[in-house]
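Here is the structure we will look at.
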Amino acid sequence: MDKSAKLLSLFIIVAAVFAAIPAFAAEGRTPIWRAGTVITTDGKYFLSRDLVSPPGTGPAIIVTGGALNVDIDLNGFTVYGDPAGAFPGVVMAVDPMETFTLRNGTISHIGGPGNCIHAGPPAGVGLETTHVTVEDVKTIGGDIGIAIESTKTSAVRRNQVRGSAASGISIVGFGVGGPITGAVENNIVSESGVFGIHLEANHSGFTVSHNRVDVSGSNGIYIVGGDGFLVAQNTIEDAADNGLHVEAANNSKLWNNVIHRSGANGMFLAGLGGFLVLDNTSSGNGADGIFADNFISLIDRNVLNANGGCGLHFGPGSTDNSFGRNQAKFNAGATCVCGAPVPPSIICTPPAGGAGFLAFPDFCNEGIPAPGPGANDSMCDNHMPGPGQS
């Protein structure tokens, strides 16, 4: 290469470098490179290295001091919590904000108490955050992997949460001036000490879908309060208590979930009105496949086999429910209170099969005997235990 060509190549390289500098500055993002960073200004931030919190330094990243709109890109790096365990968490944004976003990295809580991620003001203080997004983050340890409080809308997507001492993902709406809403989608939650996914208080229109919950010390997915929500296409295995626990809620849909090896009931539904429970598989659980102590709900086309209790079990407070096209076979009845023999409480006239096909241990109805006002009503096309319809 002659001298002119070398000079031309060098000029091109230098020009490219200097052209890139304004582009980086124009991006408008601020680097975070030190544990104990306090963010008090709106803007977009990114990690430029792993953050390691020395003992006694507290949270690695705190958003406070009037910052209202903050976006943090972990940039594939890991944030390590305070190993002394004397402070409340690793990434904290507990002042009221308009938007808080955290994405793309790992949060490791290697100390004692505290959450990996905590967003939203504490419940009961009368303040709220408008919107929180947590996506593509891995959390390890901590009391709660992802904790969101007092936030109007939340989006928790594509995260991996492992080894939380309490809940893997917890979203609560206590004290918010109106219902909270949002989505918990495509997360993998494992080895939680209490709940895998926890949604409670004053929520409406939430979607909990396509999550994998594996091994929880209590319930796999625990939902209390609220209405108009969708729980769909989740896989729940090895919950110590109920796989899917829903209570004090109304007018929602539980569709196409797979629940397996729960220590208690696969699905526990209490105090519910106007639910559609459709196309779920709840088998191999320690107690009932579905325990329903609810009213005016439709339980349709579920597979409820080989449970330790009954397949489908209506509790004593259940009224005006309809059920059809369910299969319940090879259930043991060991934990089902109906016992055998059970007087006929659901009547299907021949050729549907008669009440004898709806018998313990595959089916149990503690509700109002049929016929009569408030009775739970069969559509007479179930297979419990079959082969006849009932």
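Read-outs: derived from the displayed coordinates by stated rules, not from any lab. Keep in mind that what you see is a predicted model, and the values were worked out from it rather than measured. Every residue, glycine as well, gets a Cβ built from its backbone with ideal geometry; the counts of neighbours run over all protein chains shown.
Key figures
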item	result
Residues with amide H under 5 Å from that of ASN265, placed H, sequence gap 5 or more	ASN242, GLY243, ALA287, ASP288
For the stretch 261-269, Karplus couplings with θ = phi - 60° (6.51, -1.76, 1.60), whole Hz, Gly/Pro x	6, 6, x, 10, 7, x, 10, 10, 10
In order through the stretch 50-59: 3J(HN,Hα) via Karplus (6.51 cos²θ - 1.76 cosθ + 1.60), integer Hz, x for Gly, Pro	5, 10, 10, 7, x, x, x, 8, x, x
Computed [θ] at 222 nm, helices only, for the chain once each DSSP H run of length n ≥ 4 contributes -39500 (n - 2.57)	-2500 deg cm²/dmol
Three-way shape label, the chain, alpha-carbon gyration tensor, a/c 1.5	prolate
Simple spin-label estimate for ASP279 and GLN233 in nanometres, 7 Å along Cα-Cβ	0.9
Positive-end residue of PRO59, THR106, SER252, charge dipole of the chain with Cβ unit charges	THR106
Distance between modelled label sites at ASP136 and THR99, nm, 7 Å Cα→Cβ extension	1.6
Packing rank of 276-282, 66-72, where each peptide gets the mean count of other beta carbons within 10 Å, highest leading	276-282, 66-72
Stretchable slack from THR57 to LYS253, in nm (0.36 nm times residue separation minus alpha-carbon distance)	66.0 nm
Nonlocal amide H pairs with VAL79, under 5 Å, H built at 1.01 Å	LEU51, THR106, ILE107, SER108
Highest to lowest packing among 228-237, 108-117, 190-199, 124-133, scored as the average C-beta count within 10 Å	190-199, 108-117, 228-237, 124-133
Estimated dipole of the chain in Debye, rounded to 20 [Cβ of Lys and Arg +1, of Asp and Glu -1, Cα centre]	1040
Spin-label model distance (nm) - ASP381 vs SER48, 7 Å beyond Cα toward Cβ	6.6
Efficiency of FRET from Cβ geometry, SER322 and ARG29, R₀ 45 Å, rounded to 0.05	0.20
The stretch 40-97: C-alpha gyration tensor shape, a/c 1.5 cut-off, then a/b vs b/c	oblate
